[in-house]
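The values are calculated or read from the model by the stated rules, or taken from the named source; none is laboratory data. Values in this document were obtained by computation on a predicted structure and should not be read as measured data. So basically every Cβ, Gly included, is an ideal-geometry build from the backbone, and we count neighbours across all protein chains shown.
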Amino acid sequence: MADNDTADEIFAPAAVTVSRQCDGSMLVENTMPLADVPDTVVDVLESWVAKQPDATLFAEKRDGEWRSASYGDFWSRVEARASRLLNADCNGDRPLMVLAPNSIEHAVTMFACMMVGIPVSSISPAYGTAGGDYARLLQLVEILGPGAIYVDPLPSFADAVEAIKAKTGLQVLGTTNDDTNAVVAFDALEKAPASSVAAARTRVDGHSVAKILFTSGSTGLPKGVMNTHRMLSSNQIALRQVWPFLAEHPPRLLDWLPWSHTFGGNVCLNSVIFNGGSLYIDDGKPAAGLIERSVQNFRDVAQTVHFNVPAGVEALLPFLENDPEFARRFFVDLKVFFVAAAALPQKTRDRVAQAGLKATGRPVVFSAGWGSTETAPFSTCVHDASDRADNIGIPIPGTSVKLTPDQGKLALSVKGPNVTPGYWRNSAATREAFDADGFYRMGDAGELLNAERPADGIVFNGRLSENFKLLSGTWVNVNKVRLGILPLLRPYFTDAVVTGHNRHDIGLLLVPNPAALKPVMNPDDIPAEALAVPTVREAVQQALDIYNRDHPRSSTKVARCGILPDLPSLATGEITDKGYLNQRRLTERWADLIEQLHAVPGANRQSLRFLLARNA
């Protein structure tokens, strides 16, 4: 493949069939049949171990230096740990819960479980560092019913371990023992013979549950999504068909996305395993004081595919635009720039494109996809050049996407080998999740970008559960309002909760950016008081004026805004590891503030706590 790769050289041709159903729905399918799917993820890993035992599979930073594990070394460690896990308190009905950040040890444990048929459930480390409030952690333990929990590093989660032991008495496993014997080291478990590991492995097939990943709980209690080996394998085989360049250029990733979520744990991790690539585990993330680590790591590793979420891209942009050498290193070997979890704002995408073109003289090839924890996660993927940031592509091979009229929109549902058989120990939720034809109801809306050329893709049209009606009966598309106004509110604000359910008009509760606000505020002021600062207040007023000029209808026009008193919390489920807001949870928490926001009369233009749009 040439250095000046184009989208046509990277992606497979896009072609779909569209069939109209008698109920008014449309069925969209990729014309490319799904290729043969391996039985298990472990089988795929073993095949690459045989082909390239000395190649780097994982690397992580330790004391400022990269330490790596080859395919052969990693496989040996997985087999050894699998033999120990057979003598833990886990089995096919009693999963292993993992409370740990991304690491080589975490990966060893994960694949050891999958080797011997123990479902593994990696959960967000934030639940174990919640400042003494471990309600969500204990809730997940109750839902999962694990046989044991693996914790690493122990000092980071010592209080959480104490809470778990006091509440459940579960066996806690670690890489080393602790002084109180509350944690049992893997090596302290009896080692099962190789024949037992082999026998356990023969009982694992495509229908076996490899992972249980929890939903964010944005529409209720978290649910444990069963991810089978066939789900994971079919997803990656379909991705390879869509992105044939992977066969010639095995992915080299530097990635922070958490393995407790499907993007990091399935897309990033498995794309490396299935294509003989290398994963450098980023110890940074898009947060103050940590993004600098990521930037340094990108100086070390020239990636071939960049996976990220919009919040992560926004954090990287200043470095890409202001440091030419860093930008060159970032883009030099890059084949695809992939963003998921939420649509990348068009202005942000344009800035990335400009930075990449300036750094290398080549256009940046963007891609995106759409799916959920229940679909492993790809259901669609962009595999053609598209100028639209909200284009989620077409169905991947083997997967059908149905668009059904609902609430004045087209609800999206999915059927295919990538779809979960259901929720762990929750038959009621499983029944509710599927329609009469066996399609999984995603809860999202979309529409064909071009009905005359359906291969151009599907445009994401927001979450049905997040949308609401004004008192006039008019539906408000929360996602479109957010994406429309957020670029105008930066840098002082990073996101917004959209309000107005059963109200006369639309409001916003803005998420402040403390780093951007600090230079324009007094040292004793707090971000929640930012609207009292003339510079900020005028900037927000101008943003509302510009946005409302282009969005004058009641379903889009923003009439009032305020600021969230506290930053959304990952630990309480107000923001997910993927970087998007849980609109429902935040509107419930700040119900009183929303009541006050919408009670401010239109004539009160001088309120410093809230800001009303001109001509609201």
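Test of understanding: among Glu314, Glu248, Glu292, which residue is buried (at least 20 other Cβ atoms within 10 Å of the Cβ) and of a type in the set (Asp, Glu)? Quick ask: steps written out before the conclusion?
On the way: Glu248 fails: buried (at least 20 other Cβ atoms within 10 Å of the Cβ); Glu292 fails: buried (at least 20 other Cβ atoms within 10 Å of the Cβ).
So the residue among Glu314, Glu248, Glu292 that is buried (at least 20 other Cβ atoms within 10 Å of the Cβ) and of a type in the set (Asp, Glu) is Glu314.
For Asp133, the conditions (1) part of a helix (DSSP H, G or I); (2) surrounded by fewer than 19 Cβ atoms within 10 Å (Cβ to Cβ); (3) touching a residue at least 24 places away in the same chain (Cβ under 8 Å) are fulfilled apart from (1).
Within the stretch 59-87, being at pLDDT below 95 and part of a loop (DSSP other than H, G, I, E, B) holds for Asp63, Gly64.
Among the candidates Ala340, Ala302, the residue that is of a type in the set (Gly, Ala, Ser), outside the structural domain of Gly484 (by TED's automatic domain parsing) and more than 18 Å from the chain's Cα centre (by Cα) is uniquely Ala302. When Leu531, Leu508 are checked against the criterion of being closer than 17 Å to Thr587 by Cα and in contact with a Cys (Cβ under 9 Å, 6 or more places away or on another chain), Leu508 stands alone in meeting it. Within the stretch 152-173, is even one residue in a helix (DSSP H, G or I), among the acidic types (Asp, Glu), loosely packed, with under 13 Cβ neighbours inside 10 Å and at pLDDT 90 or above? No, that holds for no residue.
Among the criteria (1) hydroxyl-bearing (Ser, Thr, Tyr); (2) over 20 Å from the mean Cα position of the chain (by Cα); (3) assigned by TED's automatic domain parsing to the domain that holds Trp243, the one Thr380 does not fulfil is (2). Scanning the stretch 475-517 for residues that are charged (D, E, K, R) and either out of contact with any Leu (no Cβ under 9 Å at 6 or more places or on another chain) or within 16 Å of Asn548 (Cα to Cα) (or both) turns up Lys480, Arg482, Arg490, Asp505.
Filtered by the rule that a residue be modelled with pLDDT under 95 and either touching a Ser or Thr at 6+ places or on another chain (Cβ under 6 Å) or in a strand (DSSP E or B) (or both), the stretch 20-39 gives Arg20, Ser25. Annotation: Asn479 fulfils all but one of (1) at pLDDT below 95; (2) not in a helix (DSSP H, G or I); the unmet one is (2). Just one of (1) crowded, with 21+ Cβ neighbours inside 10 Å; (2) touching a helix residue (DSSP H, G or I) at 6+ places or on another chain (Cβ under 6 Å); (3) part of a strand (DSSP E or B); (4) in the same structural domain as Asn450 (by TED's automatic domain parsing) fails for Ala14. It is (3). Among residues of the stretch 152-166 that are touching a residue at least 40 places away in the same chain (Cβ under 8 Å), those with a Cβ under 6 angstrom from a residue that is aromatic (Phe, Trp, Tyr), sequence gap 6+ or separate chain, pair up as Ala160/Tyr134.
Taking helices (runs of 4 or more DSSP H) as the structural unit, those lying wholly within the stretch 288-364 and holding at least 2 residues that are of a type in the set (S, T, N, Q) correspond to 291-300, 346-360.
From Ala288, Ala327, grab the single residue that is assigned by TED's automatic domain parsing to the domain that holds Leu253, closer than 26 Å to Ile485 by Cα and aliphatic (A, V, I, L, M).
Numbers: Ala327 fails: closer than 26 Å to Ile485 by Cα.
Being assigned by TED's automatic domain parsing to the domain that holds Leu253, closer than 26 Å to Ile485 by Cα and aliphatic (A, V, I, L, M) holds for just one of Ala288, Ala327, which is Ala288.
Looking only at the stretch 453-503, residues that are touching a strand residue (DSSP E or B) at 6+ places or on another chain (Cβ under 6 Å) and small (Gly, Ala, Ser) come to 6 in all.
Filtering the stretch 195-207 to residues that are touching a helix residue (DSSP H, G or I) at 6+ places or on another chain (Cβ under 7 Å) and part of a helix (DSSP H, G or I) leaves Val197, Arg201.
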